[in-house]
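Taking it in order: structure first as structure tokens, then the write-up.
The values are calculated or read from the model by the stated rules, or taken from the named source; none is laboratory data. Note that the coordinates shown come from a computational prediction; the quantities given were computed from them, not determined experimentally. Every residue, glycine as well, gets a Cβ built from its backbone with ideal geometry; the counts of neighbours run over all protein chains shown. Note: accessible area is taken over every heavy atom of the protein model, side chains too, but ligands, DNA and RNA are not part of it. Shrake-Rupley method; radii C 1.70, N 1.55, O 1.52, S 1.80 Å.
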Amino acid sequence: QLSRFNVGEDCPVYDGLYEFCQISAGGSIAGAVKINHNESDIAINWAGGLHHAKKAEASGFCYINDIVLGILELLKYHARVLYIDIDIHHGDGVEEAFYTTDRVMTVSFHKYGDYFPGTGDIRDVGAGAGKYYSLNYPLRDGIDDFNYQQIFRPVIAKVMEFYRPGAIVLQCGADSLTGDRLGCFNLSIRGHADCVEYVKNFGVPVLVLGGGGYTIRNVARCWTYETAVLLNQEIEDELPYNDYFEYYGPDFRLHITPTQMDNM
């Protein structure tokens, strides 16, 4: 029964799994409700962004696709919803859910080629009424802040001009950062957050979600900084003392430095 739903392997059963799924999915649905009722311009759920889960299949550490549930909620009030994914992995579960409709446009920037989940080819553009409403931008190892920005900004600018969404869902997977245990990009936290700020500045209501990230101290750094960016707040690079302070040594700083890896 478990294998039928792909539970096991990279999606194990663990204590508190049901409660985690409630928190993750409930947070994204609640954020969408806030946006629908004009109670928030920006809603954040860092526990969300589980973009690999399918309708009847767990995948890639994702059990319930909170993003799809959040978008379905937004569609009750908005004619068009734009989904943007900056996780290093392709947002396959979200793309698949809306592949045949023009009411949701999905845009994913991801590592492609012998890399999980193996989908996200540039030629995958949607089908039926959804043809040309799925946009995939495959990337190679080592992409840095400058090159990512040179791709992200013009693509999103053109998508916004063409699609004119009523709401945006932004998945901010932090495994696209430099030094991630499973990732192979070379983005700084500022480079990653530049995407968040760029989307925010369109002034369209946005549901901001978490996602992947496997060097945990850098995930915390990234989403802390991006919360500050979304709130238009400046925060110090020097970290305040806290219960987890020793995890952030030896520099105890918010920001991280990209490596000298090749930009392929």
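Taking H placed 1.01 Å from N in the peptide plane, check which residues at least 5 places from Tyr77 or on another chain put their amide H under 5 Å from its amide H.
Here nothing satisfies the definition.
Using alpha-carbon pairs under 8 Å, 6+ residues apart, how would you state the relative contact order of the range 1-80 in percent?
Relative contact order comes out at 35 percent.
If you put +1 on each Lys and Arg Cβ and -1 on each Asp and Glu Cβ, how big is the dipole of the range 161-208 around its Cα centre, in Debye rounded to 20?
Here the size comes out at about 80 debye.
Can you tally the net charge around Ile235? Count Lys and Arg as +1, Asp and Glu as -1, for every other residue whose Cβ sits under 15 Å from the Cβ of Ile235.
-3
Using the Cα centre of the range 82-151 as the reference point, and only Cβ charges (+1 on K/R, -1 on D/E), how large is the resulting charge dipole? Debye, rounded to the nearest 20.
The calculated dipole for the range 82-151 is roughly 260 debye.
Excluding residues on the same chain fewer than 8 positions from Lys76, give the lysines whose Cα lies under 20 Å from its Cα.
Lys34, Lys55
Please go through the residue pairs Lys111/Lys200; Lys54/Lys111; Lys54/Lys158 and name each one whose alpha carbons sit more than 26 Å apart in this structure.
Beyond 26 Å between Cα atoms: Lys54/Lys158.
Are there any trypsin sites (Lys or Arg not before Pro) in the range 179-264 that are in a DSSP loop and have at most 14 other Cβ atoms within 10 Å? List them by number.
Within the range 179-264, the qualifying trypsin sites (Lys or Arg not before Pro) (loop, at most 14 other Cβ atoms within 10 Å) are Arg181.
Under 16 Å from the 7 Å Cα→Cβ point of Phe162, by amide nitrogen: which residues of the range 103-123?
From the range 103-123, the list is 103-109, 121-123.
For the full complex of protein chains and a 1.4 angstrom probe, list Ser188, Ser40, Ser3 by accessible area with the highest value first.
Ser3, Ser40, Ser188
Show me the helices of the chain, taken as full DSSP H stretches, that run 15 Å or more along their long axis by Cα and average -1.0 or above in Kyte-Doolittle hydropathy.
Sorted by number, the helices that extend far enough and score high enough are 17-36, 145-163, 189-200, 216-230.
With the cut-off at 1.5 for a/c, could you classify the chain from its C-alpha gyration tensor as rounded, prolate or oblate?
rounded
How much accessible surface area, in Å² rounded to 10, belongs to the heavy atoms of Lys111 with a 1.4 Å probe?
30 Å²
Percent relative contact order of the chain, based on C-alpha pairs within less than 8 angstrom and at least six residues apart?
19 percent
As a test of the formula, what do you get for the chain when each DSSP H run with n ≥ 4 contributes -39,500 (n - 2.57) and the sum is divided by the residue count, at 222 nm and rounded to the nearest 500 deg cm²/dmol?
Calculated at 222 nm, the ellipticity per residue is -10000 deg cm²/dmol.
Using the Cα centre as the reference, give the magnitude of the dipole from point charges on the C-beta atoms of the range 43-90 (Lys, Arg: +1; Asp, Glu: -1; all else neutral), rounded to the nearest 20 debye.
180 debye
Percent relative contact order of the range 160-264, based on C-alpha pairs within less than 8 angstrom and at least six residues apart?
31 percent
Run the 1.4 Å probe and let me know the accessible area of Phe162, rounded to the nearest 10 Å².
The value for Phe162 is about 110 Å².
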